[in-house]
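Data block below; observations after.
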Amino acid sequence: NRFSPRAAVLYKLTPDASLYVSYSKSFGTNNSSYLASGSFAAPEIGEQYELGTKANLLEGRALVTATVYQLTKSNVLGTNPADPYGQQIPIGQIRSRGLELDFIGQINRLLDVQASYTWNPVTIRRDTTSPENEGHRYTGAPLHAASTWLKFDTARGESTAWICGVGVYYDGLRQGDNANTWQMPGYTRVDAMVGYRRALHAASLDMQLNVKNVTDKHYFDQIGWGVASYGAPRSVMATIALKY
């Protein structure tokens with residue numbers, strides 16, 4: 001049992017702009033990790049502070065958010081020196097002091113835009129198994145990450161229309177291990193979709209085709225036990241929904 005408080009205060013500077021601060025504390029069980037005694041590892045503890053601002057733009061059609069934050073996690077899992085390819089164990093503490101920018105809005109009657117950018121320097125504050133790693137970048141966390149999604153609706157608000165969209169996702173260079181001896185390169189991935197909706201008397205028909213990794217780009221997505229794994233190749237998913 002653990003108390004997990006959350007608190008936030010928002011102050012409206014103007015009718016269209018606000019300033020806010022928040023604090024939260026969390027914990028989650030490390031059920032995937034057993035200790036030598038056979039018991040579960042201690043839970044991961046998180047503590048976060050945020051300071052940010054929100055503003056409405058384009059006569060209320062868009063919202064911009066800028067946030068600076070500090071997130072600290074304790075009892076973070078890491079490699080067990082006695083069993084490098086076995087179960088992980090809690091090894092210490094990591095901290096991120098970063099910046100997040102978000103934009104979501106309707107540019108005009110037909111075009112929607114969502115965009116975000118994160119600067120996320122995650123560093124190792126404490127490492128009980130390898131103290132020499134303290135101060136290094138934490139494994140797998142990109143320093144820079146960004147995404148943009150554009151969606152075009154040929155007849156917003158009407159029962160019959162075509163919809164199309166394209167999204168671009170970027171993850172920057174990531175460290176391959178906590179010793180920072182090798183790096184996993186960054187990558188950019190492109191997704192796309194096209195859809196059609198139509199009214200059918202008392203029902204509506206929605207059809208959509210989604211393509212992930214349109215260019216079938218080869219990129220490294222995840223890291224585990226000293227190995228970098230490839231991201232998913234191009235995939236296509238079609239959905240049809242009839243709503244009454």
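The values are calculated or read from the model by the stated rules, or taken from the named source; none is laboratory data. Everything numeric here is computed off the predicted structure, so don't read it as measured data. Cβ sites come from the backbone with ideal geometry, for glycine too, and all protein chains shown count toward neighbours. Side chains are part of the model used for accessible areas, which takes the heavy atoms of the whole protein and leaves out ligands, DNA and RNA. Shrake-Rupley method; radii C 1.70, N 1.55, O 1.52, S 1.80 Å.
Brief remarks on what is shown
- Selection of the stretch 172-200 for residues being in a strand (DSSP E or B) and among the polar types (S, T, N, Q) yields Gln175, Gln183, Thr188.
- The condition (being touching a Ser or Thr at 6+ places or on another chain (Cβ under 8 Å) and touching a residue at least 12 places away in the same chain (Cβ under 8 Å)) is satisfied by just one residue among Gly135, Gly231, Gly226: Gly135.
- Qualifying residue in the stretch 172-188 (condition: at pLDDT 95 or above and hydroxyl-bearing (Ser, Thr, Tyr)): yes
- Among the candidates Ala155, Ala115, Ala141, residue that is modelled with pLDDT of 95 or more and either assigned to a loop (DSSP other than H, G, I, E, B) or surrounded by 16 or more Cβ atoms within 10 Å (Cβ to Cβ) (or both): Ala115
- Scanning the stretch 197-217 for residues that are of a type in the set (A, V, I, L, M), closer than 20 Å to Met237 by Cβ and touching a Ser or Thr at 6+ places or on another chain (Cβ under 9 Å) turns up Met207, Leu209, Val211.
- Subset of the stretch 170-197 [surrounded by 17 or more Cβ atoms within 10 Å (Cβ to Cβ) and of a type in the set (Ser, Thr, Tyr)]: Tyr187
- When residues of the stretch 229-238 are limited to those that are part of a strand (DSSP E or B) and under 20 Å from Val194 (Cα atoms), the one farthest from the chain's Cα centre (by Cα): Ala238
- Identity of the residue in the stretch 85-112, open to solvent by 50 Å² or more (accessible area, probe 1.4 Å) and among the β-branched types (Val, Ile, Thr), that ends up nearest to the chain's Cα centre (by Cα): Ile104
- Conditions (1) over 15 Å from the mean Cα position of the chain (by Cα); (2) in a strand (DSSP E or B); number of the one not met by Gly167: (1)
- Total residues in the stretch 198-244, condition of a type in the set (A, V, I, L, M), within 26 Å of Tyr170 (Cα to Cα) and open to solvent by 60 Å² or more (accessible area, probe 1.4 Å): 5
- Once the stretch 209-228 is narrowed to residues that are closer than 29 Å to Trp182 by Cβ, at pLDDT 90 or above and among the polar types (S, T, N, Q), the residue that is nearest to the chain's Cα centre (by Cα) is Asn213.
- For the stretch 118-138, a tally of residues being open to solvent by 70 Å² or more (accessible area, probe 1.4 Å) and in contact with a Lys or Arg (Cβ under 9 Å, 6 or more places away or on another chain) returns 2.
- Selection of the stretch 154-173 for residues being in contact (Cβ under 8 Å) with a residue 24 or more places away in the chain, closer than 17 Å to Arg189 by Cα and among the β-branched types (Val, Ile, Thr) yields only Val166.
- Candidate set from the stretch 77-92 (those that are of a type in the set (A, V, I, L, M, F, W, C) and within 27 Å of Pro5 (Cα to Cα)); member that is modelled with the lowest pLDDT: Ile89
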